[in-house]
Amino acid sequence: MRRLRWAFLAALGLMVAACGGNRSNADRLSVTVSIPPQRWMVEQIAGDRVEVNTLMESNANPETFEPGVALLSALQRSAAYIPVGLLPFEDNLAKRTGVKTVDTSKGIDLLYGTHDHCLAHGEEHHEHHGIADPHVWSSIPNTRIMLENILHGLQEIDPASKEYYQARFDSIDHILDSINQEVTSKIKARSFLIWHPSLSYLARDYGLQQIAIGSETKESSPRQLQATIDQARSLSAPVLFYQKDIDPRQAQAINAEINAKLVEINPMNPDWLAEIIHVVNALEND
């Protein structure tokens, strides 16, 4: 997978060089995205032709985040707002500012019920109760859909650059297709533990069972935690993922009962590709 990373960077470098035609700072369009991984997505298609504002920093909690006055002002000056479309703070945000909205989750087959504690992977899909799992960007196939939605949005607000955006989209889409095919053949783990269920879509993509220790909003009771530990043992789950904002001592204490590989992840990593490869590497080298 490390060689795949370098292959991607080389291909992307060639794509940027081939497309060219960057604008001066004064001529660049301004768009606003909700989270750091979306910034990566927009930049793959727009290059330096668009200035990207990000509402939420990588260390913020999307469950409690509310944009301040300065962020709302930047959003109001944007040519478009590009939300995930599923995060709590995004509700009515575009309506409040009157900015054109490009919903990046449009067309994605959503998962429901993943944040209800201890639902098995097989029970998550197509159970349309509760809220939709918002972590759609944890999936390579989903991200390809998000990129296509971004492409159409940029072409609409900047029709003069339609072919430029299309060429960059075609290049990154081809690269992600190749990466997805290689990942499918490389993942060895069949299950994994995770502190909060932020990799549900990745689990669905590759036929894995995600075993969540807690939901997004609350931790497990002692009985639930013991059931999770027992399930992880029975499935020989080789990896325990924990988010960077979690005290690692909590993960270490649970892992003492399981003896899995502890891996810190950051679902809000602004380098989306690096984060995906980091997760896949952990599941490949079980």
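The values are calculated or read from the model by the stated rules, or taken from the named source; none is laboratory data. Please read these numbers as outputs of a predicted model, since none were measured by experiment. Backbone-built Cβ (ideal geometry, glycine too); neighbour counts: all protein chains shown. SASA here: full protein model, heavy atoms, side chains in, ligands and nucleic acids out. Shrake-Rupley method; radii C 1.70, N 1.55, O 1.52, S 1.80 Å.
Points worth noting:
- Lysines whose Cα lies under 20 Å from that of Lys95, excluding same-chain neighbours fewer than 8 positions away: Lys106
- For segment 132-286, the solvent-accessible area of protein heavy atoms averages 41 Å² per residue (probe radius 1.4 Å; ligands and nucleic acids excluded).
- Relative to the current alpha-carbon distance between Glu156 and Glu264, full extension at 0.36 nm per residue lengthens the span by 35.0 nm.
- Each label point was placed 7 Å from the Cα along the Cα-to-Cβ direction; for Ser234 and Glu182 their separation is 3.7 nm.
- Glu163-Asn59 FRET efficiency (beta carbon distance; Förster radius 45 Å; 0.05 resolution): 0.75
- Per the Cα gyration tensor, segment 140-221 maps to an equivalent ellipsoid with semi-axes of 34, 18, 6 Å, ordered largest to smallest.
- Furthest towards positive pole of dipole, Leu176, Thr228, Met268, structure part segment 162-286, Cβ charges: Thr228
- Percent carbon-and-sulfur accessible area, segment 150-286, ignoring ligands, DNA and RNA, probe 1.4 Å: 47
- Spherically averaged projected area of segment 25-116 from its Cα convex hull (nm²): 6.8
- Semi-axis lengths, Å, segment 174-251, gyration tensor of Cα atoms, sqrt of 5 times eigenvalues: 26, 15, 10
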